[in-house]
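Q: This is the structure I have questions about; it appears just below.
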Amino acid sequence: TPGFVCSEDSLSSPNIICPAGFYCPIGTQTSDPFRNDTTLRPYPCPPGTYCLSGTGFKDVIEGNFTHPQPCIAGFYCESGTPSARGTGVCPSGFFCPKGSSVPLPTPKGHFTKYEGSLEPTVCLPGFYAPTIENKECFPCPPGAECLGEGLSTASLCPPGTYRGSLENDGVSCLNCPQGSWSQNWNIRDKDEC
């Protein structure tokens, strides 16, 4: 029957349960998934799923453990995964929604600080993330502004404006003090006006 192995002739019932990480279709004759002399062997569960021992089918039916189960969120499952904990926990800088076969890199403008993240977090105004696989967002540099959420680039302060640190000047470029001006981009202090 599916999920079991009949490795001897004339059995009244199967003698071995299908190994975890694999599924055994009807008529499986060996518990060795690496035997190439027969097609009647266990096959690895598909990527993004896990199989407990006794799995007999390839198609995923969530909650029916005779079928592969989707990898739980926060973990990833490569082909042939035997555990609900998957191949491993999703590393920081990556995220793993339910059914992940590999960790997905955080996109630009997002970050995942902790292991086991289900989805990336968007960078807040005043911060940006210029690359993928970010574990944190970076403060917007002086002389530039980061006004929106999820930014991957900082916008340089245009002529006539400046911006110092996030703590002192906030997230947006400020106008030069009354009676002063600058023709330069990227001014970092009002004294440069």
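Q: Over the chain, what percent of the accessible surface lies on carbon and sulfur atoms, probe 1.4 Å?
A: Heavy-atom surface of the chain belonging to carbon and sulfur, 1.4 Å probe: 54 percent.
Q: Where a Cα-Cα gap under 16 Å defines reach, which lysines qualify for LYS108, not counting those fewer than 8 residues away within the same chain?
A: LYS135
Q: Given H placed 1.01 Å from N in the peptide plane, which residues other than close sequence neighbours of ILE16 have an amide H under 5 Å from its amide H?
A: VAL5, SER7
Q: Among residues other than PRO177 whose Cβ falls under 12 Å from its Cβ, what is the net charge (Lys/Arg +1, Asp/Glu -1)?
A: -2
Q: Given the C-alpha centroids of the range 128-147 and the range 1-47, what is the distance between them in whole angstrom?
A: 53
Q: Checking a compactness column here: for the range 69-160, what do you get for Rg(Cα) / (2.2 N^0.38 Å), N being the number of residues?
A: Relative to the 2.2 N^0.38 Å estimate, the range 69-160 comes out at 1.33.
Q: Karplus couplings for the range 148-161 from phi (6.51 cos²θ - 1.76 cosθ + 1.60, θ = phi - 60°), rounded to Hz, Gly and Pro as x?
A: x, 8, x, 7, 10, 9, 9, 8, 5, 5, x, x, x, 10
Q: Can I ask one more? Within the range 22-58, what residues put their amide N at less than 17 Å from the label point 7 Å along the Cα-to-Cβ vector of LYS98?
A: Taking a point 7 Å out along Cα→Cβ of LYS98, the residues of the range 22-58 whose backbone N falls under 17 Å are 48-51.
Q: Could you grab the relative contact order for the chain? Cα pairs under 8 Å, six or more apart, rounded to a whole percent.
A: 12
Q: Another question, if that's okay. Straight-line reach from LYS58: which lysines have Cα under 20 Å away, leaving out those fewer than 8 places along the same chain?
A: Correct list for LYS58: LYS98.
Q: Pick the calculated percent of Cα pairs over 22 Å apart for this structure from (1) 52; (2) 56; (3) 62?
A: (3)
Q: What spacing in nm lies between the two simple spin-label points modelled at ASP191 and ASN168, each 7 Å away from Cα in the Cβ direction?
A: The modelled label-to-label distance comes out at 0.8 nm.
Q: Run the reach check for LYS113 against aspartates and glutamates, Cα to Cα strictly under 18 Å, same-chain hits fewer than 8 apart removed. What comes back?
A: Candidates past the 8-residue exclusion: GLU133, GLU136, GLU149.
Q: Residue by residue through the range 74-86, which ³J(HN,Hα) values in whole Hz follow from phi under the Karplus form 6.51 cos²θ - 1.76 cosθ + 1.60 (θ = phi - 60°), with glycine and proline marked x?
A: x, 10, 10, 10, 6, 4, x, 7, x, 10, 5, 7, x
Q: Moving on to the next point. Rounded to the nearest 5, what % of the DSSP beta bridges within the range 1-109 are antiparallel ones?
A: 90
The values are calculated or read from the model by the stated rules, or taken from the named source; none is laboratory data. Computed from a prediction, not measured in an experiment: that's the story for all the values here. Because the Cβ atoms are built from the backbone with ideal geometry, glycine has one as well, and the counts that use them run over all protein chains shown. What goes into the accessible areas is simple: the full protein's heavy atoms, side chains included, and nothing from ligands, DNA or RNA. Shrake-Rupley method; radii C 1.70, N 1.55, O 1.52, S 1.80 Å.
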